[in-house]
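Peer 1: What follows is a structure written as structure tokens; I'll ask about it next.
No value in this document is a laboratory result; all are computed from the given coordinates. All of these numbers come straight from a predicted model, not from anything done at the bench. Here Cβ is always computed from backbone atoms with ideal geometry, including for glycine, and neighbour counts include all displayed protein chains.
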Amino acid sequence: MATDFDFKSNHILDVIKMIEDYRLDIRTVTMGISLIGCTRSTMDATCQAVYDRVTARAARLVEVCEGIERELGIPIVNKRISVSPVSLVAAGVDGNPVDIARALDKAASELGVNFVGGYSALVEKGATSSDRRLIDSIPEALSVTQAVCGSVNVGTSRAGINMDAVARMGEVVKEAAELTKDESSIACAKLVVFANAVGDNPFMAGAFHGIEEPDTVVSVGVSGPGVVDNAITPLKGASLNEIAEEIKKAAFKITRAGQLVGNMAAERLGVPFGIVDLSLAPTAEVGDSVAHILEHIGLEQVGTHGTTAALALLNDAVKKGGMMACSRVGGLSGSFIPVSEDQGMIDAVHSGAISMDKLEAMTSICSVGFDMIAIPGDTPAETIAGMIADEAAIGIMNHKTTAARLIPVPGTKPGDEVNFGGLLGYAPVIPVNTKGSAEMIRRGGFIPAPVHGFRN
């Protein structure tokens with residue numbers, strides 16, 4: 001019996017140490033809410049129905065999360081809501097879909113949640129008139145709201161890439177940047193362009209409530225780069241398979257905490273538990289960096305040769321360890337490499353160790369893609385579209401989710417620094433290839449699905 005007590009005590013002490021010393025937190029508890037059925041005969045009535053449903057179903061979300069924080073001592077950094085793609089809600093009613101964004105923002109403010117995701121359209125095989133209206137409205141919607149995030153899915157492994165949508169999203173990113181140029185183009189930080197988007201993603205800005213999901217569901221996004229970093233830092237001279245084993249053990253502990261929080265939140269809110277997203281999500285604070293994990297694997301600085309291989313080891317080990325700790329894994333699940341949210345990535349850009357080309361190579365492994373990258377303000381829309389197309393191609397060819405969250409801040413040039421505030425951090429402006437891809441982008445049409453996309 002004494003041995004059993006010691007074992008449990010050690011585990012409890014492990015968790016306490018992870019929280020206090022290594023920045024273990026639950027990055028987000030996200031409630032997914034279906035808005036299907038909220039469409040009314042007028043836009044005003046539709047907005048009211050959206051507001052009523054969100055505020056009713058998420059009324060206790062923040063209260064419950066704060067109670068769990070106090071009870072377990074584990075910080076829950078963000079409380080978030082994701083909703084059905086707004087293009088579907090706006091499809092049956094005339095008017096400006098921005099009004100729905102305002103209703104969601106009002107609901108978020110009253111509920112005390114940090115973000116609402118779902119100002120979204122899924123156009124991988126083509127766009128409806130409602131999809132086009134929503135896409136055209138994204139710059140305005142994200143510039144007049146605080147908490148609302150948007151996303152557009154432009155490709156899947158089954159459908160290929162909708163290059164007309166890619167070209168338009170290059171323009172939308174530029175328009176959003178211009179409308180919020182006095183706020184470091186913050187609207188672009190709230191916009192993700194996806195390939196193979198998933199409907200159970202709890203992380204912003206790309207979260208939306210998939211049409212295959214239940215009416216209401218709670219999902220959890222964990223974090224914990226500091227825990228993983230601490231686990232491998234002492235392993236001087238260890239082999240890479242030993243490193244992988246330690247990462248698996250750390251990921252297990254982190255995910256166990258996420259599973260516990262998710263189950264408790266779902267039970268207390270009276271809604272189903274969805275998934276735990278295993279992604280290692282960094283912040284710009286010291287000790288909370290994915291890049292530093294890669295450096296402690298043995299890189300002088302992230303971005304050098306061997307970086308992609310080290311990231312592959314990390315990503316795989318995180319997934320293997322996390323899956324054993326959790327009943328339902330989903331979302332994106334892997335390592336995030338956002339430039340502005342990771343001190344090691346920021347330092348690597350400053351030193352020249354990280355380029356756009358190296359980031360692109362890393363995105364063939366990691367969960368997201370070009371994430372929170374500040375680029376020169378004069379970058380043409382067609383070049384941005386080319387970057388989006390590259391990321392989409394990596395995603396559809398590898399049957400994985402990829403995305404682009406690019407921020408062309410007007411008036412900035414390589415070497416300048418842009419501050420986004422809060423979790424979004426700050427980023428040095430990174431140079432981009434100045435050779436154009438406009439002719440390719442203007443061709444439009446589709447890049448067909450890869451032959452291995454047809455798995456019937």
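Peer 1: May I ask for the Kirkwood hydrodynamic radius of the range 222-446, worked out over all distinct Cα pairs and given in angstroms to one decimal?
Peer 2: Values: mean 1/r = 0.0546 Å⁻¹.
It is 18.3 Å.
Peer 1: According to a simple spin-label model (label point 7 Å from Cα along Cα-to-Cβ), what is the distance in nm between Glu212 and Ser109?
Peer 2: With each label point 7 Å from Cα toward Cβ, the separation is 3.7 nm.
Peer 1: Oh, and also: Apply the Karplus curve 6.51 cos²θ - 1.76 cosθ + 1.60, θ = phi - 60°, to the phi angles in the range 184-191 and return the couplings in whole Hz, x for Gly and Pro.
Peer 2: Result, ordered by residue: 6, 6, 4, 4, 5, 6, 9, 10 Hz.
Peer 1: Then there's this: Using Cβ counts within 10 Å as a stand-in for footprinting exposure, how do Asp164, Asp288 rank, fewest first? Spell out each step's value before the answer.
Peer 2: On the way: Asp164 17, Asp288 25.
Lowest count first: Asp164, Asp288.
Peer 1: Going by average Cβ neighbours within 10 Å, how do the peptides 347-356, 427-436 rank, with the highest at the top?
Peer 2: Values: 347-356: 18.8, 427-436: 17.1.
Descending packing order for the listed peptides: 347-356, 427-436.
Peer 1: Can you order the peptides 69-78, 99-108 by their average number of other Cβ atoms within 10 Å per residue, highest first? Don't skip to the end; give the middle numbers.
Peer 2: Numbers: 69-78: 15.3, 99-108: 22.9.
For the peptides 69-78, 99-108, the packing ranking is 99-108, 69-78.
Peer 1: Follow-up. What spacing in nm lies between the two simple spin-label points modelled at Glu285 and Ala91, each 7 Å away from Cα in the Cβ direction?
Peer 2: Going from the Glu285 label point to the Ala91 one covers 4.2 nm.
Peer 1: Output ³J(HN,Hα) for the range 174-180: one whole-Hz value per residue in order, computed from phi by the Karplus curve 6.51 cos²θ - 1.76 cosθ + 1.60 with θ = phi - 60°, and x for Gly and Pro.
Peer 2: Karplus-based 3J(HN,Hα) across the range 174-180 equals 5, 5, 5, 4, 5, 5, 10 Hz.
Peer 1: Pop a pseudo-label 7 angstrom from the Cα along the beta-carbon direction at both Gln146 and Ile447 and give the gap in nm to one decimal.
Peer 2: Between Gln146 and Ile447, the simple spin-label model gives 3.9 nm.
Peer 1: Right, something else. Hey, can you grab everything whose amide H is under 5 Å from the amide H of Val429? Only 5+ residues off in sequence or another chain; H modelled, so Pro and N-termini drop out.
Peer 2: Under 5 Å from the amide H of Val429: Gly415, Asp416, Glu417, Val418.
Peer 1: Further, regarding this structure: Which of the trypsin sites (Lys or Arg not before Pro) across the range 261-351 are loop residues per DSSP, with 16 or fewer other Cβ within 10 Å? Please report the intermediate quantities before stating the final value.
Peer 2: Working: sites: Arg268, Lys319, Lys320, Arg328; in loops: Arg328.
In loop regions of the range 261-351 (DSSP not H, G, I, E or B), the sparsely surrounded trypsin sites (Lys or Arg not before Pro) are Arg328.
Peer 1: For the chain, give me the percentage of DSSP beta bridges that are antiparallel, rounded to the nearest 5 percent. Don't jump to the answer; show the numbers that get you there.
Peer 2: Details: 17 of 50 bridges.
So the antiparallel bridges amount to about 35 percent of the total.
Peer 1: Which peptide among 196-209, 295-308 comes first, and what is the full order, when sorted by highest mean count of other Cβ atoms within 10 Å? Write out the running numbers ahead of the final one.
Peer 2: Working: 196-209: 26.6, 295-308: 18.4.
Descending packing order for the listed peptides: 196-209, 295-308.
Peer 1: Dipole size in debye (nearest 20) for the chain around its Cα centre, Lys and Arg Cβ +1, Asp and Glu Cβ -1? Working shown, then result.
Peer 2: Numbers: 38 positive and 54 negative charges, 202 e Å.
In debye, rounded to 20, the chain gives about 980.
Peer 1: Which ³J(HN,Hα) values, rounded to whole Hz and listed in residue order, are derived for the range 107-118 from phi using the Karplus coefficients 6.51, -1.76 and 1.60 in 6.51 cos²θ - 1.76 cosθ + 1.60 with θ = phi - 60°, glycine and proline given as x?
Peer 2: Couplings: 4, 4, 5, 6, 7, x, 8, 7, 9, 10, x, x Hz.
Peer 1: Okay, moving on. Tell me, in nm to one decimal, what length is gained between Val62 and Glu417 on full extension, where the rule is 0.36 nm per residue of separation less the Cα-Cα distance?
Peer 2: On the way: separation 355, 0.36 × 355 = 127.80 nm, distance 3.37 nm.
Extending this stretch completely gives an extra 124.4 nm.
Peer 1: How much length is gained on full extension from Phe454 to Asp52, taking 0.36 nm per residue of separation minus their Cα-Cα distance? Walk me through the numbers before you get to the answer.
Peer 2: Details: separation 402, 0.36 × 402 = 144.72 nm, distance 4.15 nm.
Gain on extension, Phe454 to Asp52, equals 140.6 nm.
Peer 1: Give me, ordered by chain and number, the residues 5 or more places off Ser120 or on other chains with an amide H under 5 Å from its own placed amide H.
Peer 2: Hits under the 5 Å cutoff: Val86, Ser87, Ser151.
Peer 1: Multiplying the sequence separation of Leu240 and Thr128 by 0.36 nm and subtracting their Cα-Cα distance, what value in nm do you get? Provide the component values of the computation, followed by the final result.
Peer 2: Details: separation 112, 0.36 × 112 = 40.32 nm, distance 4.95 nm.
Taking Leu240 through Thr128 to full extension adds about 35.4 nm, to one decimal.
Peer 1: Hey, can you grab everything whose amide H is under 5 Å from the amide H of Asp371? Only 5+ residues off in sequence or another chain; H modelled, so Pro and N-termini drop out.
Peer 2: For Asp371, the qualifying residues are Val339, Arg405.
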